[in-house]
C-alpha cells in the first residue's frame with residue numbers, strides 16, 4: 001500500500017493546554033525548536049507567560065481560552081482529573097480545530113501505575129464526545145517529558161502512535177510529530193482503539209522505574 005503524502009505543517013501555530021506542566025513544556029520546547037510558533041495555555045495567564053519566557057522567543061503564554069482561540073492546532077496535555085471540565089468549557093473556541101489529546105488516565109498506588117477506567121472508553125473518546133465540532137486525534141502518549149525538556153537531547157528514538165477517525169487530521173498530526181528529530185508519527189487506528197494505547201503508559205512507567213530508563217515505543221517493519 002502506498003503511503004499517503006505528508007501535509008505541510010510549516011508555520012503551524014501549536015497551542016498547548018496545560019502547557020506549564022512537564023509534558024506540555026517539553027512539547028512546547030520541541031515544537032518551538034523546530035520553528036513553530038507555540039502558545040502555552042494555563043489557568044493562570046501570568047504563569048503561562050512566565051513559563052513561555054523560559055522557552056524562547058517562539059513561545060507565548062496565554063490563558064487556556066485565548067490559547068485555544070489563537071492556535072491552529074491544539075494539544076490537550078492536562079491532568080486527567082481536569083480534562084473533561086476544561087475541554088467542555090472550551091467547546092466554542094475549539095470548534096473546527098484539530099485537537100490532539102495526549103492525556104493518560106492513570107492512578108498510582110504502592111504497587112505502581114495502573115490505568116483508570118473512563119466511561120467513554122478513553123480520554124480521547126471523552127474529548128471527542130465533549131467536542132463534537134472538533135476533529136479529535138490521540139497522540140504523544142508515550143513521549144518522555146524528561147527527554148523532551150533536555151536541551152542536550154538532539155534526537156529521540158521514538159514512534160508516536162496517532163489515532164483518529166479523520167484521516168486528514170491524523171495525517172497532519174503525524175507530520176507534526178515528525179518535526180521532532182528522530183520521531184515518526186505512525187497511524188494506529190481509530191479513536192475506539194485508544195483505550196489500550198493510553199493504558200500502555202502504565203507499563204512504560206513500570207519499565208522506566210525498573211530499568212531507570214525513559215522508554216518509548218518503536219513499531220517494526222514499516
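Could you check how many residues of region 23-44 are free of Cβ contacts under 8 Å to residues at least 40 places away in the same chain, in contact with a helix residue (DSSP H, G or I) (Cβ under 7 Å, 6 or more places away or on another chain) and closer than 11 Å to residue 179 by Cβ? Qualifying residue count, region 23-44: 1. Scanning region 20-44 for residues that are buried (at least 17 other Cβ atoms within 10 Å of the Cβ) and assigned to a helix (DSSP H, G or I) gives 23, 24, 25, 26, 27, 28, 29, 30, 31, 32, 33. Evaluate region 50-62: report whether one residue or more is touching a strand residue (DSSP E or B) at 6+ places or on another chain (Cβ under 8 Å), at pLDDT below 95 and either under 22 Å from residue 170 (Cβ atoms) or not in a helix (DSSP H, G or I) (or both). The answer is yes, given that some residue of region 50-62 is touching a strand residue (DSSP E or B) at 6+ places or on another chain (Cβ under 8 Å), at pLDDT below 95 and either under 22 Å from residue 170 (Cβ atoms) or not in a helix (DSSP H, G or I) (or both).
The set of residues from region 105-143 being part of a helix (DSSP H, G or I) and either more than 28 Å from residue 175 (Cβ to Cβ) or touching a residue at least 60 places away in the same chain (Cβ under 8 Å) (or both) comprises 123, 124, 125, 128. Restricting attention to region 183-222 and to residues that are assigned to a loop (DSSP other than H, G, I, E, B) and touching a helix residue (DSSP H, G or I) at 6+ places or on another chain (Cβ under 7 Å), the residue that is surrounded by the most Cβ atoms within 10 Å (Cβ to Cβ) turns out to be 188.
Residues in region 84-99 that are in contact with a strand residue (DSSP E or B) (Cβ under 8 Å, 6 or more places away or on another chain) and assigned to a helix (DSSP H, G or I): 86, 87, 94.
Restricting attention to region 166-182, and to residues there that are touching a helix residue (DSSP H, G or I) at 6+ places or on another chain (Cβ under 8 Å) and crowded, with 20+ Cβ neighbours inside 10 Å, which single residue is nearest to residue 30 (Cα to Cα)?
By that ranking, first place goes to 180.
The values are calculated or read from the model by the stated rules, or taken from the named source; none is laboratory data. This one's a predicted model, so the numbers in the text were calculated from it and none came from an experiment. No Cβ is skipped: glycine too gets one built from the backbone with ideal geometry, and neighbour counts run over all protein chains shown.
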